[in-house]
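Here the structure comes first, spelled out in structure tokens, and everything after it is commentary.
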Amino acid sequence: MSDVLTSFCFLFLASVSLTAQNEPPTVDQIQMSVNAADETISVDYAVNDQEGDQISVYLRVSEDEEYFYIPDEGLSGDWGENVGSGTRQITWAYPSALDPRTLSFQLSVWDDHPIDVQSLVNQVDSQRLQDRLASYQGIKHYLQNPQGLQAFRDTIQSHFEGAGLQTYFNNFTFSGTEGVNIIGKKPGLENANQVWVLDGHYDTVGDSPGADDNGSAIVGILECLDILDDVQFKESINFIAFDFEEQGLVGSNRYVNTGIRNTEEIEGVFNLEMIGFYSDEPNSQMLPFGFDILFPEVAQEVANEEFRGNFLTNVGNEASADLIERLDLAAENYVPNLRVLSLAVPGNGSITPDFRRSDHASFWDGGYPALMLTDGANFRNLNYHTPEDTWEKLNYTFMSQVVQATLAALVEAAEPVNGRTYEIESTVSYQHVHLDPEAELRIYPNPASDHLMVEIQKGGNHLYDIGIFALNGHAVYQGQMHGKENRRISLVGIPAGQYLIIANYLENKLAKELLIQK
């Protein structure tokens, strides 16, 4: 084939590849108005999906600029699934206790185009895992090398923040030393309160460079994070690096007890604990004492392979049965060359202490489903907790397969979507309030300074809600008065400016513009 023809074919295939990529829906012309009298917020927007897919649209609200939720009640208009392209509107009747001025708003959209999980799995790069682990190797112990421990914290934090995660710390004290759990949240677009966890500890014992234990886990987590950087999910993912695991699961215990936010419901935990050592040599795999009694079928599978250390152990407890199956199916469907042996230990593993030796056990104790994904630690890797635990002794094909299976299970659990999120800037409109100068609401003096007299003429004896609202929708005064009553309202502490005073009785709304001068 000629060079010209080869070049033409390459450009044609590249063009086909680019045009075949499905783009998320786009939104523009977003306008928000707040109607303080009706206590409603309206969002007008134009949405389009160039492939003509069905579109889902959700208004999301935050009271702290971090946790965004879809209101349970009061939404009407064009929201939810199957919203058509074009100009649309969502209206939210917000609770009276909320001040719209203090809220943040987003519009999240996605289409029904499926995400190709296999293409994500295929992006896991064994060479990148090796290069990264080689650069991270070194003792990370709070007494033997606190500088190395702190440097690794900084690296993980920087990586989380660089990926756009909501990054924060769960700090604690152990033996007079500060410990730091590093959490990076990727918020879900629909059910942000439902959280999946991918974790591993980043500290080492005092004399080991900790390549397998547990640098392999951290580079696996960062690999997953890099690949999922541009992927959106319906549910949230917390990427967590735990501290002080080697001192008795201290960091994860503190997180489970003090670090889970009240807006989070932990759905499941994938804990990576040593995922890099592999051996196809006979008798390279040992089993804990009594293993053959508790898990005879798995023990027989190991024996059938002449006790080769050539598999991933997927350890859950009985309450994590669904999670065990989720990982097994992900490996079977997306990484068929990875051999996985799975265990469901009784209760919280108290009768099998060898299967409680990592941070998943803290979640078991807290009542959360959790897995430990491991190469078997000292039952396979004789370099465990020694100076010989170095990056050269690990198998990066095996490590990449473990990361692939974990990535696939995590992605399917959190439900990926082809979507985007748009920040909304709010403005205030009072277009639905009658501003008739001859209305039955009388206020004086106007302009006012330190007080205001309010009178509702021809109002019968009905009880009216009275509010004074700034032009951003914020209520600076709220009270009640009867019709035919004169009410003196103190304006002390209310800044000078333009306001709107509104009187509500059932569907009757009276309003007057007010100028306060100081």
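What follows is calculated from the coordinates using simple rules that are stated; it is not laboratory data. What you see is a predicted model; the values in this text were computed from it and never measured. All Cβ positions, even for glycine, are placed from backbone atoms using ideal geometry, and neighbour counts span all protein chains on display.
At a glance:
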quantity	calculated
log10 of Debye I(q)/I(0), alpha-carbon scatterers only, for the stretch 137-215 at 0.13, 0.24 Å⁻¹	-0.46, -1.19
The chain: translational diffusion in µm²/s, Stokes-Einstein, Kirkwood Rh over Cα pairs, 25 °C, 0.890 mPa s	92
Where only C-alpha atoms are counted, convex hull volume of the stretch 169-239 per residue in Å³	89
The stretch 312-371, Rg to Rh (Cα coordinates; Rh as Kirkwood inverse mean 1/r)	0.99
Calculated Rg and Dmax of the stretch 27-133 using C-alpha coordinates, Å	18.6, 61
Residue 420 versus residue 169: modelled label distance in nm, points set 7 Å from Cα along the beta carbon direction	3.6
Cut-off 9 Å between beta-carbons: net charge of the residues surrounding residue 359, Lys and Arg +1, Asp and Glu -1	-3
Geometric extent, Cα atoms of the stretch 292-426 - Rg, Dmax (angstrom)	17.4, 67
Sum of side-chain charges, residue 34 neighbourhood, beta-carbon under 14 Å (Lys, Arg +1; Asp, Glu -1)	-4
For the stretch 21-74 and the stretch 203-220, distance of Cα centres in Å	44
Neighbourhood charge, 15 Å Cβ-Cβ cut-off, centred on residue 307 and excluding it, Lys, Arg +1 and Asp, Glu -1	-4
Reference-scaled alpha-carbon Rg (2.2 N^0.38 Å with N residues) for the stretch 107-247	1.13
Radius, Kirkwood style, for the stretch 164-284 when every pair of distinct Cα atoms is counted (Å)	15.4
For the stretch 232-337, convex hull volume per residue from C-alpha positions, Å³	165
The stretch 280-325: radius of gyration over Cα atoms, expressed as a fraction of 2.2 N^0.38 Å	1.25
For the stretch 76-161, alpha-carbon Rg and Dmax in angstrom	23.6, 63
